[in-house]
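Trainee: Okay, handing you the structure first.
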Amino acid sequence: MAIFGWRQRRRPLDGGGTRRRLFFRPLYSRKFKRMILFAVAFLAIFPPLFFHFKLRRIRQIVSQKCDWLHHPPLVCAHGGDSTLAFPNTIDAYSYAISSRVDCIEVDVSRSSDGVLFALHNRDLQRIARNSSVQVGDLSMKQIKELDVSQIVKGSLGNRRIPTLEDALSLISNSVRQVILDAKVGPPMYEKGLAQDILSVIEKVQCNNCIVWAKSDSLARDIIRRAADITVGYIVMVDPSTGMRNNLLRMRGARVVGVYHPLIDEKLIRVVRGRNKGVYAWTVDDADPMKRMLHLGVDAVVTSNPAMFQGFMEDLRTKCLEEGFSIRT
Ligand SMILES: *[C@@H]1O[C@H](CO)[C@@H](O)[C@H](O)[C@H]1NC(C)=O
């Protein structure tokens, strides 16, 4: 494109005739002027716009990564800290309390003679070295005789399986919340179980106890009997159908315990829409831990609370370094 151009100009001259004169002059064509204008406009608008969107995107990424800091999830130790001690023992609870978890999940099973223990069938099978024995097969006396120290070395000295009452007496004043995971088993199944659990809760005056169970009829029974107790139900993949069980199926329940791979933004929106909290279980690895934080669940149940706490602390430091500010 020519900046300078020769141009012929028509000039009226005396004598009535016309003469063509060529003269040299720097000329800007209209097209060129338009281009300059565009360029200036482009420079004026595009870079600020670019940085605006870029900044917004960065902020979005940071906020997606860091927003959980405004409402950090409860860290719930699954059976206490079972990386350091046998699950659901006084030792495991003590380790969890000393690493200042927010909450502890206690597995609750009933003996054949009706005593509630902090014990999971799976753990009983390890102690008894019998893969088919269940808590409901044994009496209180038999369970009290079991010795955990054969399984784990280096215990703090508490070798016995605690009753639910012993467990709650130790932990309920040391954490913000206690989740009782009520297991239904033989020989009595649900019969009277809700009442047994509520009796222990009342006896130790556990006012931060919540109860959840895979058995809906047990959860409903608790809701019916004790309106002031927070109750949860479990959402998981039903092994018989391979499908996720119904997300909103119990009106009176305030907590939904969800198998963590099933949790996404939509699930959280739906559950919160019904004024219920989303508790993720059992989150033991770094990637799902990160995912649960980004999704902003209300609580995370983990067998490795110390790892999760360390992970949260690292992420918190990173977020603050990247300029994320925590509203107070
Ligand atoms: C394992 O437990 C079951 C149920 O209590 C019992 O019937 C069975 O005899 C036990 N097996 C052994 C090897 O102790």
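Trainee: For Val258, list long-range residues whose amide hydrogen, built 1.01 Å from N in the peptide plane, is under 5 Å from its own amide hydrogen.
Mentor: Val235, Tyr279, Ala280, Trp281
Trainee: Give the relative contact order (percent, whole number) for the chain; include only Cα pairs under 8 Å separated by 6+ residues.
Mentor: Reported as a whole number, the value is 17 percent.
Trainee: For the chain, set up a Gaussian network in which alpha carbons nearer than 10 Å are linked by springs, and say which option among Leu247, Leu164, Leu180 fluctuates the most.
Mentor: Highest fluctuation among the options: Leu247.
Trainee: Could I ask something else about it? How much net charge surrounds Asp238 when only other residues with a Cβ under 11 Å from its Cβ are counted (Lys, Arg +1; Asp, Glu -1)?
Mentor: In short, +2.
Trainee: In whole Hz and in residue order, list the ³J(HN,Hα) couplings for segment 169-176 that follow from phi through the Karplus curve 6.51 cos²θ - 1.76 cosθ + 1.60, θ = phi - 60°; x for Gly and Pro.
Mentor: These are the phi-based 3J(HN,Hα) values: 4, 6, 9, 5, 8, 9, 9, 6 Hz.
Trainee: Pairs Lys33/Lys54; Lys266/Lys318; Lys214/Lys276; Lys203/Lys276; Lys65/Lys266; Lys183/Lys266: which exceed 23 Å Cα-Cα?
Mentor: Table pairs above 23 Å Cα-Cα are Lys33/Lys54; Lys266/Lys318; Lys203/Lys276; Lys183/Lys266.
Trainee: Considering the alpha-carbon set of segment 51-168 alone, what are its Rg and its Dmax in angstrom?
Mentor: Taking only Cα atoms of segment 51-168, I get Rg and Dmax of 20.3, 71 Å.
Trainee: Give the Kirkwood hydrodynamic radius (Å, one decimal) of the chain, defined as one over the mean of 1/r across all pairs of different Cα atoms.
Mentor: 23.9
Trainee: For Thr230, list long-range residues whose amide hydrogen, built 1.01 Å from N in the peptide plane, is under 5 Å from its own amide hydrogen.
Mentor: Residues meeting the criterion, in which the H sits 1.01 Å from N, are Val211.
Trainee: At 222 nm, what value in deg cm²/dmol follows for the chain if DSSP H runs of at least 4 each add -39500 (n - 2.57) and the sum is divided by all its residues, to the nearest 500? Mind showing how you got there, number by number?
Mentor: Working: 10 runs with 125 residues, N = 328.
Roughly -12000 deg cm²/dmol at 222 nm, from the helical runs in the chain.
Trainee: Give me, ordered by chain and number, the residues 5 or more places off Glu105 or on other chains with an amide H under 5 Å from its own placed amide H.
Mentor: Ala77, His78, Gly79, Gly80, Ile179
Trainee: Hey, another quick one. How large are Rg and Dmax for segment 178-225 when calculated on the C-alpha trace, in angstrom?
Mentor: 10.2, 30
Trainee: With θ taken as phi - 60° and the coefficients 6.51, -1.76 and 1.60, list the Karplus ³J(HN,Hα) couplings across segment 202-213 in order, rounded to whole Hz; mark glycine and proline as x.
Mentor: Here the 3J(HN,Hα) series is 5, 4, 8, 6, 7, 8, 10, 7, 10, 10, 9, 7 Hz.
Trainee: I'd like the Karplus ³J(HN,Hα) series for segment 30-35: coefficients 6.51, -1.76, 1.60, θ = phi - 60°, whole numbers in Hz, and an x wherever there's a Gly or Pro.
Mentor: 4, 4, 5, 4, 4, 5
Trainee: Would you mind getting me the FRET efficiency between Met188 and Asp264? Use the beta-carbon distance for r and R0 = 35 Å, nearest 0.05.
Mentor: Step by step, r from the Cβ atoms, then E = 0.40.
Trainee: Compute, for segment 81-239, the length of the dipole vector about the Cα centre, with Cβ point charges of +1 (Lys, Arg) and -1 (Asp, Glu) only. Units Debye, rounded to 20.
Mentor: Dipole about the Cα centre, nearest 20: 220 debye.
Trainee: Still on this structure: Taking the chain as a Gaussian network, Cα atoms linked when under 10 Å apart, which of Lys33, Lys214, Lys276 shows the biggest mean-square fluctuation?
Mentor: Of the options given, Lys33 has the highest mean-square fluctuation.
Trainee: Going through segment 118-187, which trypsin sites (Lys or Arg not before Pro) have at most 10 other Cβ atoms within 10 Å and a DSSP loop state?
Mentor: Sites meeting the loop and neighbour criteria: Arg129, Lys153.
Only the coordinates and a few stated rules stand behind these numbers; no lab work does. Values in this document were obtained by computation on a predicted structure and should not be read as measured data. Please note: Cβ atoms are built from the backbone with ideal geometry, for glycine as well, and neighbour counts cover all protein chains shown.
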